[in-house]
Amino acid sequence: PRAPAGMGTVSEPCPQTSLAVLSKVELRVSCKHLLDRDTLNKSDPCVLLLMQSQGQWTEVDRSEIIKSNLNPVFAKIFMVDYYFEEVQKLRFEVYDSHGHAGVGTHDDDFLGGMECTVGQIVAQKRVTKPLFLKYGKFAGKSTITIISEEISGNNGYVELAFRAKKLDDKDLFSKSDPFLEIYRIDDDRSEQLVYRTEVVKNNLSPVWEPFKVSLNSLCSCEEKRKLRGVVWDYDSRGKHDFIGEFFTTFEEMQKAMGENKVQWDCMNPKYKIKKRNYKNSGVVVLLDLKIHRVYSFLDYIMGGCQIHFTVAIDFTASNGDPRNSCSLHYINPYQPNEYLKALVAVGEICQDYDSDKKFSALGFGARIPPKYEVSHDFAINFNPDNDECEGIQGVVESYQSCLPKIQLYGPTNVAPIISKVARVAADEERTKEASQYFILLILTDGVVTDMADTREAIVRASYLPMSIIIVGVGNADFTDMQILDGDDGVLRSPKGEPVLRDIVQFVPFREFKNASPTALAKCVLAEVPKQVVEYYSYKAFPPRCPRPPTP
């Protein structure tokens, strides 16, 4: 579940970007000594997770229903976004479910509730609290335990398909109704339920549905961590009969990849002691295992992926004569103009991820020497063979020295520059390595004139290792520019072809005039890590081997 919108406040403006998620947290729930609301059987508990937003409690997820059990361990894992800078209030409510009648419809079905914050659970890792009925009354000796785990950045998930053969028959008039539970054994020897399969009725050789679990849940991303599998014969009153168990590791499970299968004897320790010729209580077979690695932005950066930064500056006449103090391009010796402020704020962060610290700097919409013809993709250092400048300072110096040499003109065509960077990105894509990703920062004072060509160029670029950041400078009406930013819907080419992924971030600079430079950088670069990961995941390019640390 997502954290509801509107939680918390941000001190500095960023219209397109919500608070950055510090991490995702998995929550596991169990209860003890629940009240027994049923006359004939025990309660059938279910847990609801609610989150508070603007004073209102909203249900965000719920667990499965466990039949006839006053000490349930729920298999459902609640996933919560964790924001360090927010107080995120959670409420867990336990109800006795009556199947189709729904959950939480009557007061007498309420078994108790507990409130806490995500921060408390994360800090303590394991929280056990009493359950309360309405008006602060204790729900007998009932307690609820929440265990949290942060999901690491390099986490992936695994898909497992199990079956069993020739299981012991525990039923008198029919065959067993088996289900499988997988537990992770932690360092303190406690067991965490990872997954509980469905019940296969009346079958001693069941085939369970394949399921997915995160590597974090399964083995804490440690391949040699011990795992325990338990097979039970289901009982509708909650008194499941133990059939047998087996022990393994994720390392051993991986032998089931491809055509191979791995199997374990399903052992009942009591039978092993009592019965002289006891072999097993059946066999559990892992039919298939598929690993889906999920890489983070840091995985790619630490694997040597370089961020190549290109800046494109609008030199159209609407900016005003640079010699006039009202011009957006006016060079004030005491105060950088908006173009320079935006360039430095974004560029200083990008340069940390570029080893050679050389940036391509281009201009568009001006008449340039020697013939003073209009150009929409010229090097501002006037070197057509090498448009790169040394660091951000080199870009600033080239910008200041080129202004007196050009004539501001028009129109505001940005498709040529997008296409130019895309050609370089296309060459990089052919290497089939996660070695270079391209960020194009376009600084412009007005609405794009070649909107159709720009949309086409962006759709083409969405298939390449590049992102586009557009910063609107000045006080123009930038309503049309929001179309290029896919936040309000999918951007399409004039022929209707959608972008493969959202690669454009548009921000009006005026919303950051009174904020710090880091606020602008944070806002316009917020989407980039996600865009990098989306691209390489789509291409199935893993990070390269991490570089050795520099001495």
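Just to be sure, is Y95 more than 22 Å from L35 (Cα to Cα) and either modelled with pLDDT under 90 or of a type outside the set (V, I, T) (or both)?
Here the answer is no, as Y95 does not meet what is asked.
Return yes or no: is F173 touching a strand residue (DSSP E or B) at 6+ places or on another chain (Cβ under 7 Å), modelled with pLDDT under 95 and either of a type in the set (F, W, Y) or open to solvent by less than 30 Å² (accessible area, probe 1.4 Å) (or both)?
no
Give me the pairs: first residue in region 427-445 and more than 25 Å from V507 (Cα to Cα) and assigned to a loop (DSSP other than H, G, I, E, B), second residue of a type in the set (K, R) and at pLDDT below 90, beta-carbon distance under 7 Å, and six or more apart or on different chains, which are they?
From region 427-445, the pairs are E433/R544; A434/R544; S435/R544.
Here are some conditions: (1) at pLDDT 90 or above; (2) more than 27 Å from G156 (Cα to Cα). E209 meets all but one. Which one does it not meet?
(2)
Please work out which residue is surrounded by the most Cβ atoms within 10 Å (Cβ to Cβ), limiting yourself to region 27-49 and to residues that are under 14 Å from R237 (Cβ atoms) and polar (S, T, N, Q).
Per the stated criteria, the residue is S43.
Quick check on region 291-301. Is at least one of its residues at pLDDT 90 or above and assigned to a strand (DSSP E or B)?
no
Can you tell me which residue in region 464-523 is modelled with the lowest pLDDT, limited to those that are surrounded by fewer than 16 Cβ atoms within 10 Å (Cβ to Cβ), out of contact with any Pro (no Cβ under 9 Å at 6 or more places or on another chain) and among the β-branched types (V, I, T)?
Here the residue is T518.
Considering only region 329-340, I want to know if a residue exists there that is closer than 20 Å to V395 by Cβ, assigned to a helix (DSSP H, G or I), touching a residue at least 12 places away in the same chain (Cβ under 8 Å) and among the aliphatic types (A, V, I, L, M).
Yes; the residues of region 329-340 include at least one that is closer than 20 Å to V395 by Cβ, assigned to a helix (DSSP H, G or I), touching a residue at least 12 places away in the same chain (Cβ under 8 Å) and among the aliphatic types (A, V, I, L, M).
From R276, R237, which residue is surrounded by fewer than 14 Cβ atoms within 10 Å (Cβ to Cβ), in contact (Cβ under 8 Å) with a residue 40 or more places away in the chain, assigned to a loop (DSSP other than H, G, I, E, B) and of a type outside the set (G, A, S)?
R237
Check region 138-156 and report whether any residue there is of a type in the set (S, T, N, Q), open to solvent by 40 Å² or more (accessible area, probe 1.4 Å) and within 26 Å of the chain's Cα centre (by Cα).
Scanning region 138-156 turns up at least one residue that is of a type in the set (S, T, N, Q), open to solvent by 40 Å² or more (accessible area, probe 1.4 Å) and within 26 Å of the chain's Cα centre (by Cα).
Just to be sure I understand, how many residues within region 187-202 are touching a Lys or Arg at 6+ places or on another chain (Cβ under 8 Å) and loosely packed, with under 15 Cβ neighbours inside 10 Å?
Within region 187-202, residues that are touching a Lys or Arg at 6+ places or on another chain (Cβ under 8 Å) and loosely packed, with under 15 Cβ neighbours inside 10 Å number 1.
Among the residues of region 302-328, write down those that are of a type in the set (G, A, S), open to solvent by less than 40 Å² (accessible area, probe 1.4 Å) and not in a strand (DSSP E or B).
G303, G304, G320, S327
Taking S435 as the residue in question, decide whether it is at pLDDT 90 or above and either surrounded by fewer than 15 Cβ atoms within 10 Å (Cβ to Cβ) or in the same structural domain as F359 (by the TED database) (or both).
no
Out of E12, E85, I need the residue that is in a loop (DSSP other than H, G, I, E, B), of a type in the set (D, E), modelled with pLDDT under 90 and open to solvent by 80 Å² or more (accessible area, probe 1.4 Å). Which one?
E85
The values are calculated or read from the model by the stated rules, or taken from the named source; none is laboratory data. Please read all numbers here as calculations on a predicted model, not as lab measurements. So basically every Cβ, Gly included, is an ideal-geometry build from the backbone, and we count neighbours across all protein chains shown. Ligands, DNA and RNA are stripped out before the accessible areas are found, and what is left, the full protein with its side chains, is counted by its heavy atoms. Shrake-Rupley method; radii C 1.70, N 1.55, O 1.52, S 1.80 Å.
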